[in-house]
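Input: a single structure, listed below in C-alpha cells.
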Ligand SMILES: Nc1ncnc2c1ncn2[C@@H]1O[C@H](COP(=O)(O)OP(=O)(O)OP(=O)(O)O)[C@@H](O)[C@H]1O
C-alpha cells in the first residue's frame, strides 16, 4: 500500500490524527469522510463535534455530509453509493444503512454538531453562566455593536475623567505630540492594546528596562569634548557642535534619530569601522560618544516606559468601563466569552479537563474534528484543549480497526495562516502533537484541485523565493533580516506540489499594466495601480468571453481594490457577483428611506427634507398633496409609526411605499434593509441616527449567481475557481507602523511583556530581548503575507493570471511586494509595459477547450 493510501486508511480507522496538507489536497473532503465514517459506525451524532471558523465553512461540511448520504441512498444513483463506499473505505456499505442514517439525521438535524468556534463557545458559555460571571439573559454583540460600545466607553471615560489627569496621560501616550481629538486618540490606543492585554498581568507594561542617565559631570565633559574636538572635516565639527548644543539643553529626543548616532551604533554592532562620511570616526571621541548614546538611550527608553505604563493604566480603566457597560446591557462579544471560558478552564489540572466541558453539554464530545486549525488563537485553543484531551485519552489509544469510543482529527495548513490579525497563531498547530498523547501526523501535497501547470508555477515561485539580506549577512537587530529569515523558512519548508489530475489543462500568465498617461514625468502611485486594475479588467473580460461557463475569481488584498475591480467590470457590461458584503447604501432606494428617518431625527435640517421631497418616496408619503404642510405631515406620520410600532415596523412601512417603484436590484436591498431593522433590536434603545449609521457601516452581501466573482483573498479561503485573476500584487507585503508588541515565553502563553511600537530608526536603543520581539513580530507579518499570496494562487483550478506594474531593470532580492517576489523567483528583471502580450506565460492559453 502506498504511503498516501496508508495515511488515508489510518484517518478512516479513526486513529488520533493531525493532517497537515497543502491547498486543494482534500482536507475538507477527508474531514467529511471521517465524519461520515464515525456516523456510519453507529456513533450517536451528538457525541461528534466538527468545528471550523466561518458559518459558510460549517454549512459546507454539513451540506457535504447530508448530500453524500442522500445521494448514496438514491437507488437510481449507484455511482454515488460507490463513491461514498470509497470515500469512507467501507466497500460493502449497504444502501439501506445510508438511507436510514440520512433519514434519522434529517428528522433530528439538531443532533449534528457542525459549528463555528464562536457558536460552540456561546453554547458552552450558556451552560456555564454562573461560573463565567455572565448575567441571566445575556446576548452576543456583533462587530458593529462592539465598535459602538468601544466608542461609548471611550466617550464616557473622557467625560468623567479628571481633565488634567487625562491630558497628562495623553501627553505620555502621544509622547508630547499634539492630539487633535482626545477620544480618537484614546480609541486608537485602546483598539491597539485591548485584545492583547486582556489575559495578562497588569505588570506586563513595565517590562522595558530604563538604563540610568549618565551623571551631570560626564554629560558636561562630553559637551566640552565635542566642542573642542580637533577634527579635519568641517561637517563633523558642525555635527558635533549641534550635538553639544542639543545635549546642553537636554534635547535628547531630537538626537535620537540623528544619522551620526545611528551610523555609529550600526557600525559598532556589525563590528565594522565607524565612519563619518567617507572618513574614519575619530577614536578619541568614542568615550564621549558613549555618554551621548547612553543619555539618548536613557531618555528614549524612559519615554517609552512612561508611554507603556500610561497605556496599561488607560486600558485597565477602559476595561472596567466597557465591562460595566456590557454587564448593564447584558451584551458581550465573542472575545469576552472566549476569554472567560479560557480563564475558567485554565483553573483546572489537565486530569480534570476531561470532565469540565463535557459535563455541561447535552452529551460528551467523544469525537472531535477541527478544521482550518492553523487559524486557531491561543485563547481558542485553551478552550478546545480539554475536549481534545478527552478525545485523545486512553480509550482511543488502542489500535483497533473498529474503534468507535473516542477519536481526534485536526486538519490545517500553516501555509494558509491568514488570520493573525484576528489572533490566529499557526505555531499552535505545530505544538498539538507534543501537547496531546498518541497523535500521528499525516502530510499531503497532492492536489485534487489544480492542474499541473498551475501547481508547477506555484512550486516554482515559492521554492525560489529570494531573501535579502542573505543569511550570512544576518544582523540580529535589523527587521529586514528577520523578514528575510521568514522568507527563507517559508521557502525551505515549502513542499513541492503535485497534481492528482495530470491531464488537466492549465495556463499561467503574467501581464504588465500600461504605463499611465500622466501630465508629469512620474505618474503617481494611484495611477500605476489604476493601470493594473484596467489591465486586470481586460484579462477578466477576455477570459469570460472565451469561456463564459467557467468560473473566474478576481481576488484582491483589500475591499477597496475589490470595489475598484467591481466598478471596472460592471463598466464593461459583465455580470459580476461581489462577495464579502457592502453597505446597503449602494442602493438609491435605501438612501431615501434613511433620509426619511433622518428627517424625523433632525427636523430642522433641510438636506433630508430636500432629498425626500424630490423623490418617489416623498410623492408616496404626501399622498399627492405637496402643499406647504406636507413635510410636517410626513414627519408626524413617521414619528407616530416609530412611537407606536418601533423601528422595524417603520422601516418596513417606508420600504413598502417604494417597492413597486423600483427595480429588482433596489427591491432586494430594501428587503435586506427591513431584515436588518428587524434583527438589530439593540439599536431600538438608541436613536434613529444609530440605525442609519449601522446601515452605512454594515456590509450585507448581494447574492447574485454569476461566473465572475470579485472578493478579497480572505473571503476566498476554502473556495476554488476555474480561473483566478490577481490584480493588486504591487501593494506592500507588510506595513506595520504602530500598535503593540508582545513578548511571550511561548505561542500559547500570555505575554510577559508588552510595549508600544517603536519606529525602525529608534529600535537599536531597545535591549536584545525587545529587538528580538519586534523582529519576531515583523517576521510573522512577512509569513502571513506569503500565506496570503499562497492562498490566492492556489484557488485556481486551471488558469492563473497575475497583473503587475511594468518596470525596467528591477533590482532583484529585496522585494517588498508580492509582484517583486514572484518576478525575482522567476528571474524576470525587466517587465516592460505590454498590455496586449503577457510578459511571462506557460501552458495552454485556451485551457477551457
Ligand atoms: N480523494 C479525493 N478524490 C477526489 N476528489 C477529491 C479528493 N479530495 C479532494 N477532492 C476534491 O478536490 C477539491 C479540493 O478539496 P478540498 O476543498 O477538500 O481541499 P482543501 O485541502 O480543503 O483545500 P484548501 O486548503 O485549499 O481549502 C474539491 O473539489 C474536492 O471535491
Just one listed residue, out of 672, 657, is closer than 30 Å to residue 575 by Cβ and touching a strand residue (DSSP E or B) at 6+ places or on another chain (Cβ under 8 Å), and it is 672
For the range 294-314, does any single residue satisfy the condition of being over 30 Å from residue 192 (Cβ atoms), modelled with pLDDT under 90 and surrounded by 14 or more Cβ atoms within 10 Å (Cβ to Cβ)? no
If I filter the range 1-8 for residues that are within 15 Å of the ligand (Cβ to nearest atom), modelled with pLDDT under 85 and not in a helix (DSSP H, G or I), do I get at least one hit? yes
Of the residues 756, 762, 735, 795, which is surrounded by fewer than 23 Cβ atoms within 10 Å (Cβ to Cβ) and either within 16 Å of the ligand (Cβ to nearest atom) or under 24 Å from residue 202 (Cα atoms) (or both)? 756
Out of the helices (runs of 4 or more DSSP H) lying entirely within the range 226-341, which hold 2 or more residues that are without any contact (Cβ under 8 Å) to a residue 24 or more places away in the chain? 234-248, 259-269, 286-329
Taking the criterion of being within 18 Å of the chain's Cα centre (by Cα), within 30 Å of residue 302 (Cβ to Cβ) and without any contact (Cβ under 8 Å) to a residue 60 or more places away in the chain, would at least one residue in the range 773-781 satisfy it? yes
Among the residues listed as 467, 484, the single one being at pLDDT below 95, within 21 Å of residue 785 (Cβ to Cβ), away from the ligand (no atom under 16 Å from the Cβ) and not in a helix (DSSP H, G or I): 467
If you go through the range 402-429, how many residues are farther than 25 Å from residue 739 by Cβ and surrounded by fewer than 23 Cβ atoms within 10 Å (Cβ to Cβ)? 5
Any idea which of 73, 23, 63 is touching a helix residue (DSSP H, G or I) at 6+ places or on another chain (Cβ under 9 Å), within 13 Å of the ligand (Cβ to nearest atom) and either modelled with pLDDT of 95 or more or under 14 Å from residue 102 (Cβ atoms) (or both)? 23
The range 812-840, residues that are touching a residue at least 12 places away in the same chain (Cβ under 8 Å), more than 26 Å from residue 787 (Cβ to Cβ) and exposed (fewer than 15 other Cβ atoms within 10 Å of the Cβ): 829, 830, 832, 834
Modelled with pLDDT of 90 or more, touching a helix residue (DSSP H, G or I) at 6+ places or on another chain (Cβ under 8 Å) and over 26 Å from residue 690 (Cβ atoms): which single residue out of 564, 591 fits that description? 564
When residues of the range 411-426 are filtered for being modelled with pLDDT of 85 or more and either within 13 Å of the ligand (Cβ to nearest atom) or part of a helix (DSSP H, G or I) (or both), how many remain? 8
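The values are calculated or read from the model by the stated rules, or taken from the named source; none is laboratory data. All values reported here derive from a predicted model rather than from experimental measurement. Quick reminder, even Gly has a Cβ in these numbers, built from the backbone with ideal geometry, and neighbours come from all protein chains shown.
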